[in-house]
Amino acid sequence: MSATYKAIEVTKPGVFTEVDRPLREPGFNEVRIRVEACGVCHTDSMLVNAEIPNLTYPRVPGHEVIGRIDAVGSNVTTRSVGQRVGVGISGGWDGTCLACLRGDFVNCANAVLTGIMIDGGYAEVMTIEARATVTIPDGLESVKAAPLLCAGVTTYNALRNAGLRAGALVAIQGIGGLGHLGIQYARRMGLRTVAIGLGNESEKLAKELGAHEYIDSGAEDAGAKLRTLGGADAILATAPSGKAMSGLINGLAVRGKLLVIGLAPDPIQVNTGSLVFGMHSISGSTTGSVQDEQETLDFSLLENIGPMIEPMPLSKAREAYDRMMTAKARFRMVLVTANGNGHTSHSK
Ligand SMILES: [Zn+2]
Ligand SMILES: [Zn+2]
């Protein structure tokens, strides 16, 4: 086995460099993973563009990681060599802040973000605490499982925690990396699923993914259209536009919720009356805990849900990242390493 491995580092903000790194043994509580696939996520830009303070460089991005364990720390009992595992953005939590003491690890005040604060999966090898890993069910292919660890869990959690009953009307705004998964989850959860896209090209795809109805927000007022359908009990807002989200609030049913998971550069603007009358609410939802990631994988396998992906070799990380950032990806870019070629288990 080679004593070095290839990794893509963000050397300093904006600069990607392919490097050879020395292989190191996993430390206390850690496992070492031979990475097979790693998804490219918009949140990677937090590292690439130094969007949060106190980041240190060089740093390897990537928080949708799937691979096989090839070494474990001497005290690790929960994971073993040969196991296929995944790592999402929850790379660590302190266990001592108020959120953690309440078991709400995703909101840890000192959360350690994989691929942003510690090295992630744009590499042939990564080392991570065993508790931050999930196990990958045999029926899930590595390249398809990778995006479920961020895009998947984010949409799945937002929907399953929204207090919706079977048959409730849910609109998924935006048919992109998050939205194309949101449509599938909503449909398989027994919800009346309305996809909101821009233009009529997406209608066929939205319906293939499971949408019962399609609204072209370029051709009609999506909020008004939702009202004619009876109003939305929830709207999962994924497209990066505060303005577009604002226009949907009038499409909510009584006690309906706008669930915001997409980050937009502009604010949501709302008339107070639009919240008061009808008791509407706007709430945010973020990724999930490690256990949420595990349950996302399990549900995705159970209901045959998966992302549409564009695989690319690890060496083309910069190209994949740029493609994602310019919204050209259909719908998730996934980097595949030499370990991943021909070594993934196949579904269906
Ligand atoms: Zn992500
Ligand atoms: Zn904490």
Subject >> Filter result (within 16 Å of ligand 1 (Cβ to nearest atom), within 25 Å of Asn339 (Cα to Cα) and assigned to a loop (DSSP other than H, G, I, E, B)) within the stretch 18-64 >> reply: Cys41, Val60, Pro61, Gly62, His63, Glu64
**OP:** Quick one: which residue in Ile215, Ile235 is buried (at least 16 other Cβ atoms within 10 Å of the Cβ), touching a Lys or Arg at 6+ places or on another chain (Cβ under 8 Å) and over 25 Å from His42 (Cα atoms)?
**Re:** Ile215
Original post:
What are the pairs, 6+ residues apart or on separate chains, where a residue within the stretch 103-114 that is in contact (Cβ under 8 Å) with a residue 24 or more places away in the chain has its Cβ under 8 Å from a residue that is open to solvent by 40 Å² or more (accessible area, probe 1.4 Å) and within 7 Å of ligand 2 (Cβ to nearest atom)?
Top reply: Phe105/Trp93
**OP:** Considering every residue within the stretch 234-243, establish whether at least one is of a type in the set (D, E, K, R) and in contact with a strand residue (DSSP E or B) (Cβ under 8 Å, 6 or more places away or on another chain).
**Re:** no
**OP:** Go through the stretch 1-17 and count every residue that is in a strand (DSSP E or B), exposed (fewer than 14 other Cβ atoms within 10 Å of the Cβ) and touching a residue at least 12 places away in the same chain (Cβ under 8 Å).
**Re:** 4
Original post:
Can you pull out the residues in the stretch 35-81 that are of a type in the set (Asp, Glu), farther than 16 Å from Thr287 by Cβ and crowded, with 20+ Cβ neighbours inside 10 Å?
Top reply: Glu36
Original post:
Where in the stretch 82-187 are there helices (runs of 4 or more DSSP H), lying wholly inside it, with at least 1 residues that are surrounded by fewer than 20 Cβ atoms within 10 Å (Cβ to Cβ)?
Top reply: 98-101, 151-160
Original post:
Within the stretch 188-202, how many residues are closer than 28 Å to Leu301 by Cβ and either assigned to a loop (DSSP other than H, G, I, E, B) or open to solvent by 50 Å² or more (accessible area, probe 1.4 Å) (or both)?
Top reply: 5
Original post:
In this structure, does Thr96 turn out to be out of contact with any strand residue (DSSP E or B) (no Cβ under 7 Å at 6 or more places or on another chain), within 16 Å of ligand 2 (Cβ to nearest atom) and hydroxyl-bearing (Ser, Thr, Tyr)?
Top reply: yes
**OP:** May I ask you to list pairs of residues, at least six apart or on different chains, whose Cβ atoms are under 7 Å apart, with the first in the stretch 31-44 being of a type in the set (Phe, Trp, Tyr) and the second being open to solvent by 10 Å² or more (accessible area, probe 1.4 Å) and within 14 Å of ligand 1 (Cβ to nearest atom)?
**Re:** none
**OP:** Scan the stretch 145-174 residue by residue and report those that are within 16 Å of ligand 1 (Cβ to nearest atom) and either over 12 Å from the mean Cα position of the chain (by Cα) or of a type in the set (Asp, Glu) (or both).
**Re:** Gly174
Original post:
Which of the residues spanning the stretch 305-330 are in contact (Cβ under 8 Å) with a residue 12 or more places away in the chain, of a type outside the set (Gly, Ala, Ser) and not in a helix (DSSP H, G or I)?
Top reply: Ile305, Pro307, Met308, Ile309, Glu310, Pro311, Met312, Pro313, Arg330
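The values are calculated or read from the model by the stated rules, or taken from the named source; none is laboratory data. As the structure is a prediction and not an experimental result, all values here were calculated from the model. Note that we place each Cβ from the backbone using ideal geometry, even for glycine, and neighbour counts take in every protein chain shown. To get the accessible areas, we keep the full protein, side chains included, count just its heavy atoms, and leave off ligands, DNA and RNA. Shrake-Rupley method; radii C 1.70, N 1.55, O 1.52, S 1.80 Å.
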